[in-house]
Structures are given as C-alpha cells and as structure tokens.
Amino acid sequence: MLETQIAHRGILDPRLLAVMGNVPRHRFVPPDERMWAYSDGPLPIGHGQTISQPYIVALMTDLLRLDGPERVLEVGTGSGYQAAVLACLVAEVHTVEFIPELGRQAARLLQDLGHKNVHVHIGDGSLGWQAAAPYDAILVAAAAPDVPQPLLDQLAEGGRLVLPVGGRGFQELQIWQREGTTFSQKNNIAVAFVPLRGEHGWK
C-alpha cells in the first residue's frame, strides 16, 4: 500500500508514511470487507458512508502541512480511520460525526487503540466545533456544495482547510488558507466523496 498507492504517487513525507504503515486500517472496516482493507479504493462502512481510499487519506493529510503541535478539526468521523492517522501526527484532534451510531462506534475503536488525544463529537460538522476553536488545520471528509463559512471562521491564523467542493457526483479537492481576514484558495485533484450533511451541507 505504501509503495504502490502512496509513495508512488508523490507523497514522500517520512513521518506520514510511517503513520500510514502503522495504523491498522483493517480494524476500521467491517469484518466482511477486511480482505480489501489495504486495497486502492474506498470501502462501505454502513449507513451509506465509506472509508476513503488510502491515497486520499494520505493526500488530504499531506496537504494540511502538519508539524506536530497542531489542534486539528475533522468533519465526518466515519470509521475513525482518518482521525487515527491525524492523532499520530498532531497534539489534539476534534472530530465531528453526523450519524450517532458511527460516531459512537468510532469513539470506542479509537479508545481501544489508545488514541487519547482524539475527541469524538456527535453533531453537525458543517458548523465545525466552536468549543475547541480555533484550529490550525481542518479536514472535511465529505463533499460540500460550497465551503462552509463556519469552518473558515474557525481556522487559526495561517491555518489550512482541505475539503472536497462540488456536486453530488464529483468534486474538486480544495485547499483554503487563512491570511488575516482573507483566505486564499487552490484546487488540487478531482475526487468523489459522499455528501456532507448538515446546515451547510446537502439538504
């Protein structure tokens, strides 16, 4: 997985590669999908949701440019896999899940795996999580029709937001960075994510 799916596509950060190699991805997928846990594609995790393919998890994490001391917000906990990867790279992770059953399941698994710096919240992730803001980085693991303003508002100075923006079928992966009261934005690659739910997501 590391060599053919991630490093081969240009992600070479040794710290990130080590984490991707150590987090047990098979623990985050349903038992009947575990034979495919390290394959190059997303997998269903129930409730109409998916776990992103390893390369996309690595790419979005890499685009955040994490150094170690950051507080990070993840929108869309899902299985908890992306949160586990982030937890190994930063000081603190807050992750918000819209579907209570998924959130509770992810929280139990993350606790079992010893990720004490991850805080799982049930709620509308399109609103962010104001109680712990501001965040040095925000990652959204669901497709938004537009960038949610509350997420931009909760970015710290110099903070980066990575999220898919577009229609229900395909989106562009966007990187937003806060520079004082203004924001710069760049597009990365075309992606396909499940829709973001909530006030600033898809109705």
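The values are calculated or read from the model by the stated rules, or taken from the named source; none is laboratory data. On a predicted model such as this, the values are computed, not experimentally measured, just so you know. Here the Cβ positions follow ideal geometry from the backbone for every residue, glycine too, while neighbour counts run over all protein chains shown.
Scanning the range 111-131 for residues that are more than 22 Å from Glu179 (Cβ to Cβ) and assigned to a helix (DSSP H, G or I) yields a count of 6.
Considered as a group, the residues in the range 111-138 that are out of contact with any strand residue (DSSP E or B) (no Cβ under 9 Å at 6 or more places or on another chain) and of a type outside the set (S, T, N, Q) include one that is surrounded by the most Cβ atoms within 10 Å (Cβ to Cβ), and that residue is Leu113.
Of a type outside the set (A, V, I, L, M, F, W, C), over 22 Å from Ile189 (Cα atoms), part of a strand (DSSP E or B) and under 17 Å from the mean Cα position of the chain (by Cα): does that describe His94? The answer is yes for His94. Looking only at residues of the range 134-176 that are touching a helix residue (DSSP H, G or I) at 6+ places or on another chain (Cβ under 6 Å) and assigned to a loop (DSSP other than H, G, I, E, B), we find that the one that is nearest to Ala192 (Cα to Cα) is Ala141.
Yes or no: Pro148 under 17 Å from the mean Cα position of the chain (by Cα) and closer than 17 Å to Ser52 by Cα?
Values: under 17 Å from the mean Cα position of the chain (by Cα): yes; closer than 17 Å to Ser52 by Cα: no.
No, not satisfied.
Looking only at the range 18-39, residues that are in a loop (DSSP other than H, G, I, E, B) and over 22 Å from Leu89 (Cβ atoms) come to 2 in all.
Among the residues of the range 161-178, write down those that are out of contact with any Asp or Glu (no Cβ under 8 Å at 6 or more places or on another chain) and of a type outside the set (Gly, Ala, Ser).
If we filter the range 161-178 for residues that are out of contact with any Asp or Glu (no Cβ under 8 Å at 6 or more places or on another chain), which is where we start, we get 161-163, 167-177.
Scanning the range 161-178 gives Leu161, Val162, Leu163, Arg168, Phe170, Gln171, Glu172, Leu173, Gln174, Ile175, Trp176, Gln177.
A count restricted to the range 63-83 and to residues that are touching a Leu at 6+ places or on another chain (Cβ under 6 Å) and assigned to a helix (DSSP H, G or I) stands at 0. Condition check: surrounded by 18 or more Cβ atoms within 10 Å (Cβ to Cβ) and among the aliphatic types (A, V, I, L, M). Does Leu63 satisfy that? Yes: the conditions hold for Leu63.
Here Met35 meets each of (1) more than 15 Å from Gly80 (Cβ to Cβ); (2) surrounded by 13 or more Cβ atoms within 10 Å (Cβ to Cβ) with one exception, condition (2). The sole residue among Arg108, Arg15, Arg104 that is touching a residue at least 60 places away in the same chain (Cβ under 8 Å), surrounded by fewer than 17 Cβ atoms within 10 Å (Cβ to Cβ) and in a helix (DSSP H, G or I) is Arg15.
Quick check on my filter: what residues within the range 140-159 are surrounded by 21 or more Cβ atoms within 10 Å (Cβ to Cβ) and either touching a Lys or Arg at 6+ places or on another chain (Cβ under 9 Å) or over 20 Å from Glu92 (Cβ atoms) (or both)? Correct list: Ala142, Ala143, Ala144, Pro148, Leu155, Gly159. Residues of the range 163-200 that are modelled with pLDDT under 95 and within 11 Å of Pro148 (Cα to Cα): none at all.
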